[in-house]
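Beneath this line is the structure, given in structure tokens, with notes to follow.
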Amino acid sequence: MNSEFGIANVWAQGDWVTRSVAILLLLMSLASWTIILLKTLDVLRYKKLALNAQRFWQSKDLASGLASLGADAANPFRLMVEQGTEAARHHSRTEAELQDALDRNEWVTRNLRQVVDDFTARLQTGLAVLASVGSTAPFVGLFGTVWGIYHALVAIGTTGQASIDKVAGPVGEALIMTAFGLAVAIPAVLGYNALVRGNKGILHKLGRFAHDLHAYLMTGARVGSGKAVGQAFDNAQKD
């Protein structure tokens, strides 16, 4: 590439608008890649926690079941067990006050649903930024291109030299901004779609775990187990 043209020349010859657009695209790219990397690590961690959650149903009592889920305070499966059992205990202790307003089933369901909703909001953190970057970055780049072409044509008109060799360079430099916009938008869109798909898988497993836990708290048996999981909850109530 001729040393008179290129990315460095775009920056050197550009005005404050061109440079502002370039900086904005750079910041958008850094933000989207940071979110993609951090959220990908979160998805992988929660998938591992979802696999480990199956060990809860193989435990002999509630204490060992909680221990099998680990001590991570951000583990939604552990938090769901803690919230669900505490909700059932609370209803049993205050049954006289609550029975007229909410029955045991509805009370436990509400608490489990709250855990799912809070975790869903946590998973979706940052996705709005990716969606915004993916939808606006091409237009930001296009704006930079239009602005650059305008100044290139003004400069050509001022010099009076409109030959192809005088036009191609400045106009080609301006089109670089469109390429930058696409380079920022495409990873953001792909990352958004991948994260949404990963989040749906985790939420599906969490919802199924919540359904089984609700059945256990209500009946003492997991759905489809055909037998009692144990007397852990009943024993915990007596403590």
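A few notes on this one:
- Some residue of region 190-208 being among the β-branched types (Val, Ile, Thr), crowded, with 20+ Cβ neighbours inside 10 Å, more than 18 Å from ASP118 (Cβ to Cβ) and at pLDDT 80 or above: no
- All of (1) within 22 Å of GLY126 (Cα to Cα); (2) modelled with pLDDT of 85 or more hold for ALA73 with one exception: (2).
- Residue in region 124-147 that is part of a helix (DSSP H, G or I), under 25 Å from ALA210 (Cα atoms) and modelled with pLDDT of 75 or more present: yes
- Selection within region 114-141: residues that are touching a Ser or Thr at 6+ places or on another chain (Cβ under 8 Å) and either farther than 13 Å from ALA183 by Cβ or charged (D, E, K, R) (or both). The member of this set that is surrounded by the fewest Cβ atoms within 10 Å (Cβ to Cβ) is VAL129.
- Residues satisfying the stated conditions in region 174-189, i.e. surrounded by fewer than 19 Cβ atoms within 10 Å (Cβ to Cβ) and more than 17 Å from ALA152 (Cβ to Cβ): LEU182, ALA183, ILE186, PRO187, VAL189
- Qualifying residues in region 45-62 (those that are at pLDDT below 80 and surrounded by 12 or more Cβ atoms within 10 Å (Cβ to Cβ)) - the one nearest to HIS214 (Cα to Cα): LEU62
Residue by residue, here is whether (1) farther than 13 Å from PHE119 by Cα; (2) among the polar types (S, T, N, Q); (3) in contact with a Gly (Cβ under 7 Å, 6 or more places away or on another chain) holds:
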{"residue": "LYS39", "(1), (2), (3)": "yes, no, yes"}
{"residue": "VAL43", "(1), (2), (3)": "no, no, yes"}
{"residue": "LEU49", "(1), (2), (3)": "yes, no, no"}
{"residue": "ALA53", "(1), (2), (3)": "yes, no, no"}
{"residue": "TRP57", "(1), (2), (3)": "yes, no, no"}
{"residue": "SER64", "(1), (2), (3)": "yes, yes, no"}
{"residue": "PHE77", "(1), (2), (3)": "no, no, no"}
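- Top-ranked residue in region 29-44 [being of a type outside the set (A, V, I, L, M, F, W, C), within 13 Å of VAL184 (Cα to Cα) and touching a residue at least 12 places away in the same chain (Cβ under 8 Å); ranked as surrounded by the fewest Cβ atoms within 10 Å (Cβ to Cβ)]: SER29
The values are calculated or read from the model by the stated rules, or taken from the named source; none is laboratory data. Because the structure is predicted, anything quoted here is derived from the model rather than measured. Every residue, glycine among them, receives a Cβ derived from its backbone with ideal geometry; neighbour counts consider all protein chains shown.
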